[in-house]
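The values are calculated or read from the model by the stated rules, or taken from the named source; none is laboratory data. In this text the structure is predicted, and so the values were computed from the model without any measurement. Neighbour counts run over all protein chains shown; Cβ positions are idealised from the backbone, glycine included.
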Amino acid sequence: MKKLSIAMLSMVLAGSMLLTGCGGGNNQAAGENDSADTQQSETAENTDGGVLRMGTNATFPPYEYVDENNEVAGIDADIAAAIAEKLGMELEITDMAFDSLIPALQSDTIDIVLAGMTVDPERAEQVNFTDSYATGVQVIIVPEGSDIASPDDLEGKNIGVQTGTTGDLYCTDDYGQEFVKQFDNGPLAVAALVNGQVDCVVIDNEPAKNYVAANQGLKILDTAYANEEYAAAIAKDNTELFEQVNAAIQELKEDGTIDSIIEKYIPAEGDSEDAAA
């Protein structure tokens with residue numbers, strides 16, 4: 001298998017619901033700063049308020065998912081709310097297909113993407129990526145008893161992926177399009193694995209944990225497929241917003257806010273609390 005490296009340019013809720021993809025088009029407002037006059041940081045000096053339009057694909061728990069109130073929740077939603085508060089803006093979230101996110105940025109349908117999106121060279125030619133706010137790992141889900149024990153065993157196998165994700169890009173590059181079966185979201189890819197339509201699924205580690213927990217007979221291989229960095233994406237021509245958002249992310253990293261948000265959903269190993277998703 002060709003070795004991969006990530007350039008530093010840079011579930012679903014209840015088990016019975018896991019195999020049903022969350023519908024796109026959900027809008028919600030959150031994170032409004034109700035004391036903007038006293039709490040705005042230096043990152044908001046050139047911001048006139050208004051709405052920060054975030055796009056995401058809410059089938060990627062715990063980074064984004066639709067909660068019991070039919071609202072988008074998760075790590076990225078909370079980080080976006082914290083960014084909007086720093087900028088004195090109201091956050092509006094739109095749930096859409098993952099492969100529609102970059103085109104939506106380019107058409108000015110949304111202002112920012114937070115969707116567990118990995119920084120890679122191809123995407124960086126289309127959008128500007130902020131500093132990374134989290135790391136991810138691509139893993140392989142297989143049925144128990146599978147003869148797939150590591151990435152080296154994927155040659156000639158039918159591999160399930162979510163369309164447009166790095167798992168899709170990596171596997172297509174490594175094994176050829178004829179062996180990669182694309183699905184609109186992670187739950188559909190996992191459903192295909194359960195039904196025997198594919199031999200494995202390559203997807204990010206955190207949602208993989210939730211998918212496996214909700215589907216008896218599946219497991220995650222110990223050997224990771226690839227390591228990667230997550231960042232927010234902003235249109236190339238929106239340089240002012242990019243600078244403001246990047247500064248806000250730097251502040252949120254420095255003051256521990258982002259670490260606290262991630263810990264809320266992904267407790268440190270040995271933590272007795274369950275993840276929120």
Determine if region 108-121 includes at least one residue that is at pLDDT 95 or above, surrounded by fewer than 19 Cβ atoms within 10 Å (Cβ to Cβ) and touching a Lys or Arg at 6+ places or on another chain (Cβ under 8 Å).
-> yes
Could you check how many residues of region 207-230 are of a type in the set (S, T, N, Q) and under 16 Å from residue 136 (Cα atoms)?
-> 3
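Residues that are over 19 Å from the mean Cα position of the chain (by Cα) and either within 24 Å of residue 175 (Cα to Cα) or buried (at least 24 other Cβ atoms within 10 Å of the Cβ) (or both): does region 199-208 have at least one?
Yes, that holds for at least one residue.
Yes/no per residue for (1) at pLDDT below 95; (2) surrounded by fewer than 20 Cβ atoms within 10 Å (Cβ to Cβ); (3) over 16 Å from the mean Cα position of the chain (by Cα); (4) not hydroxyl-bearing (Ser, Thr, Tyr):
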position: 159; (1), (2), (3), (4): no, no, yes, yes
position: 165; (1), (2), (3), (4): yes, no, no, no
position: 172; (1), (2), (3), (4): no, yes, yes, no
position: 182; (1), (2), (3), (4): no, yes, yes, yes
position: 197; (1), (2), (3), (4): no, yes, yes, yes
position: 210; (1), (2), (3), (4): yes, no, no, yes
position: 217; (1), (2), (3), (4): no, yes, yes, yes
position: 223; (1), (2), (3), (4): yes, yes, yes, no
position: 231; (1), (2), (3), (4): no, no, no, yes
